[in-house]
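S.K.: One structure, as structure tokens, below. Some questions next.
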Protein chains: 2
Amino acid sequence: IVCPAHADAKLEYTAQRAGDAERSLQRVWPRNECAREQVKVSMQVVDIATARRYAPDKMVKHPVFETEHLFCDVYCLEPGQEQAVHAHAGSDKIYILLEGRAVVTVGDEERELRPMEAVLAPAGLPHGIANRSKERAAALVFFAPKPQHG
Amino acid sequence: IVCPAHADAKLEYTAQRAGDAERSLQRVWPRNECAREQVKVSMQVVDIATARRYAPDKMVKHPVFETEHLFCDVYCLEPGQEQAVHAHAGSDKIYILLEGRAVVTVGDEERELRPMEAVLAPAGLPHGIANRSKERAAALVFFAPKPQHG
């Protein structure tokens, strides 16, 4: 993201998420301070309607907000892409479909979601999302707490 | 909510939230088990487009999901209603406007949000939301971690 105090600065951070390969992540300025000078910066407003990034090889987790407590991402799925079913011992996830159609699995059930339908994947239960349609799909995802790394 | 295993049962729980008066709260079945018989129940799908409840006297926090880690609510504001500016020492909040117009305050700044615009209120910063328009407003709100009570 662009720091409002340094409109020229497009800094990219590399972050490691539980279960993910190391990846480039546009990081939220922590606590409204600019990482470059620790100055106070403006409120960030993110337009969820346009926050998308698709990739031909796999689903993209497009970051919206990240704090020490939570992740908020838009998962962007081309037709045929999916997030494989997996589980987190101590973190809950919420999926809210934004566009298209996607099948969400929680436990041993699956449901096809329509836009603005929300599903909770409680901690410990296997869950995943798959785009089995012929159109792009996007889902808003909240995840908390952030897993702790030792 | 209606437990899918007991379609007749509309159980209401009373829950205490940090800073709130005790209030009646439709509670999510924890971990996909029915509170009545601890049987496994179906995935809950909540339609965020229609999850609304307004009250003439004050803003309503309409619950969507609640777990031990997080709250997900739709804040429903009649014209003139607001959530007064307040802060949480250790929890982050995300507002995503769903309909209408609302002014979100974070720190000493305020911004009028349009539908699908999102703002982060990081832990420790004063924040609030106000409907200064002549139409109803609704915002999806995520809050984590849940404050711990002694």
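The values are calculated or read from the model by the stated rules, or taken from the named source; none is laboratory data. Source: prediction; values computed, not measured. Heads up, the Cβs are rebuilt from the backbone with ideal geometry, glycines too, and the neighbour counts pull from every protein chain shown. Quick note on the areas: whole protein, heavy atoms, side chains included, nothing else; ligands and nucleic acids left out. Shrake-Rupley method; radii C 1.70, N 1.55, O 1.52, S 1.80 Å.
S.K.: For residue A:124, place a label point 7 Å from Cα along the Cα-to-Cβ direction in every copy; what are the distances to the other copies, in nm, shortest first?
M.R.: 3.3
S.K.: A further question on this structure: Label-to-label distances across copies for residue A:56, with labels 7 Å out along Cα→Cβ, in nm, shortest first?
M.R.: Between copies, matching label points for residue A:56 lie 6.1 nm apart.
S.K.: Now for a separate question. Which value in Å is the Kirkwood Rh of region B:45-99 over different Cα pairs?
M.R.: 12.7 Å
S.K.: Output the Kirkwood hydrodynamic radius of region B:56-150, Cα pairs only, in Å rounded to one decimal.
M.R.: 13.3 Å
S.K.: Further question: Over the heavy atoms of residue A:110, what accessible area does a 1.4 Å probe trace out, to the nearest 10 Å²?
M.R.: 100 Å²
S.K.: Shortest first and in nm to one decimal, what separations exist between residue B:111 and its copies in the other chains, measuring from label points 7 Å along the Cα-to-beta-carbon line?
M.R.: 3.1
S.K.: Right, here's the next one. I need the phi-derived Karplus couplings for region B:129-146: 6.51 cos²θ - 1.76 cosθ + 1.60, θ = phi - 60°, integer Hz, Gly and Pro marked x.
M.R.: Here the 3J(HN,Hα) series is 9, 9, 9, 9, 8, 9, 10, 5, 10, 9, 9, 7, 10, 10, 9, 7, x, 5 Hz.
S.K.: Follow-up question, since we're still on this one. Chain A: which residue's Cβ hugs the A-to-B rotation axis most tightly, distance rounded to whole Å?
M.R.: A:144, 2
S.K.: For residue B:91, list long-range residues whose amide hydrogen, built 1.01 Å from N in the peptide plane, is under 5 Å from its own amide hydrogen.
M.R.: B:124
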